[in-house]
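Below is one structure, written out as structure tokens, with a few remarks after it.
Every number here is computed from the coordinates shown, using simple stated rules; none is lab data. This is a predicted model, so every value here is computed, not measured. Here Cβ is always computed from backbone atoms with ideal geometry, including for glycine, and neighbour counts include all displayed protein chains.
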Ligand SMILES: [Ca+2]
């Protein structure tokens with residue numbers, strides 16, 4: 001009798017243990033690689049086929065994952081767009097709704113250390129009350145790393161190690177020279193909380209690849225989250241031969257071996273360098289993925305790729321209108337890829353309306369992480385949409401950049417800006433060429449009313465620094 005009871009208990013134990021193992025395997029936290037590039041335009045992927053740019057790694061990820069054609073960022077330039085990626089909130093809600101940078105460099109001014117210490121680049125940053133993706137995923141047991149362009153403030157309280165990240169190598173500010181890592185004469189590369197000039201002279205993309213590989217190698221025993229923000233293919237932030245003349249600046253920098261194949265095939269040297277910077281970045285990502293595969297960590301890695309804003313005009317953003325800094329589609333709609341073999345379908349092109357506001361809730365859901373309590377988020381978990389299980393719940397999105405305003409509601413887009421505006425039907429006119437304001441006054445009024453309601457909601461939100469007067 002006793003022996004039979006022991007056997008029964010052994011059997012029950014085996015069943016329960018088996019169930020637990022299955023459950024753990026099913027819910028095994030994926031590694032998360034969030035790749036953000038800088039000013040890479042909507043058509044600037046080789047697989048789109050409209051440009052001579054070569055991006056074999058991104059093309060493969062698109063072939064093995066989902067490529068989004070209607071993915072938007074929250075602002076048409078770096079800082080506010082990145083603040084939304086990290087917080088899951090509109091810039092007007094998290095407070096970082098304009099750039100943080102030292103504008104006097106535009107007039108050739110070189111900041112002294114004393115001036116720099118009290119300049120916007122040092123004194124402004126993402127409000128410390130905001131919770132970041134790093135905070136959310138670290139609480140879920142992840143080792144969190146930030147490599148590349150941070151752009152959320154450089155005073156110590158604003159740097160990644162104080163904002164939810166265990167590892168940081170990159171530049172704190174908006175942009176650098178790819179080789180000196182200076183921003184208009186100011187050394188800007190950090191390791192952890194300290195500025196470093198140890199790697200001066202090495203191309204930034206190579207350094208970010210090296211540090212991404214270092215972080216991944218050091219994170220073998222835990223699930224990890226790496227926010228890998230290449231500064232490529234942003235223009236170099238360095239003075240030209242005449243510091244007061246912006247036209248003498250170099251533009252995008254890239255190693256000769258990547259520029260040479262484009263030379264003679266594209267209209268000028270600037271474009272050859274831009275494409276070279278994209279291809280070099282693509283190759284770096286390829287090496288990181290190859291290393292993941294070799295180490296066995298690649299099997300359960302969830303990768304999201306997109307650009308922080310539209311292309312800055314290198315080679316154009318056709319079929320989209322305009323580019324970076326504008327609220328036309330060329331400034332806001334960006335290339336997007338989601339890749340997670342076995343969890344996200346392969347080779348799918350999705351036209352679903354999605355945005356960078358979805359990134360935080362999506363990665364939190366993938367990680368089984370709790371969303372921050374008491375924080376109003378502006379997006380949702382987009383995994384069911386990426387899997388094709390349901391349509392995007394997003395029906396509208398709003399933008400404001402200084403006096404420029406825009407709303408995208410259903411198929412409609414309204415834009416009002418110093419350089420023009422109108423009402424456009426994106427379902428038939430992705431290039432925003434036919435202003436339908438006069439023909440559709442009711443639609444125009446509805447979009448303006450939706451914008452006003454959004455603006456009111458933002459104004460009523462709990463105030464955040466650094467720009468708001470409260
Ligand atoms: Ca950018």
Inset, instruction - Going by C-beta contacts inside 10 Å, put 225, 167 in order with the fewest on the left. - result: 167, 225
Legend entry - Difference of contour (0.36 nm per residue) and Cα-Cα distance, residue 202 to residue 295: 30.8 nm
Inset, instruction - Rounded to the nearest 10 degrees, what's the angle between the helix 269-295 long axis and the longest principal axis of the chain, both from Cα atoms, 0 to 90? - result: 10
Legend entry - Nitroxide proxy distance, nm - points 7 Å out along Cα→Cβ at residue 440 and residue 455: 2.1
Inset, instruction - Sort 263-272, 138-147, 381-390, 35-44 for me by packing, meaning the mean count of neighbouring Cβ atoms within 10 Å per residue, highest on top. - result: 35-44, 138-147, 381-390, 263-272
Inset, instruction - Considering Cα pairs under 8 angstrom that are at least six residues apart, work out the relative contact order of the range 180-319 and quote it in whole percent. - result: 18
Legend entry - Length released on extending from residue 218 to residue 267, taking residue separation times 0.36 nm less the Cα-Cα span: 13.3 nm
Inset, instruction - Output the peptides 77-83, 210-216, 413-419 sorted from most to least packed, where packing is the average of other Cβ atoms within 10 Å over each peptide's residues. - result: 77-83, 210-216, 413-419
Legend entry - On Cα atoms only, tilt of 2-26 relative to the major axis of the chain in degrees: 10
Legend entry - Shape of the range 349-470, Cα gyration tensor, a/c cut at 1.5: oblate
Legend entry - R0 of 30 Å, Cβ-Cβ distance residue 387-residue 287: FRET efficiency to nearest 0.05: 0.55
Legend entry - Simple label model, 7 Å out from Cα along Cβ direction - residue 419 to residue 104, nm: 2.8
Legend entry - Relative exposure of 128, 73, 443, judged by other C-beta atoms within 10 Å (fewest first): 128, 443, 73
Inset, instruction - Quote to one decimal, in nm, the extra length available between residue 69 and residue 467 on full extension: 0.36 nm per residue of separation minus the C-alpha distance between them. - result: 140.0 nm
Legend entry - the range 30-395: C-alpha gyration tensor shape, a/c 1.5 cut-off, then a/b vs b/c: rounded
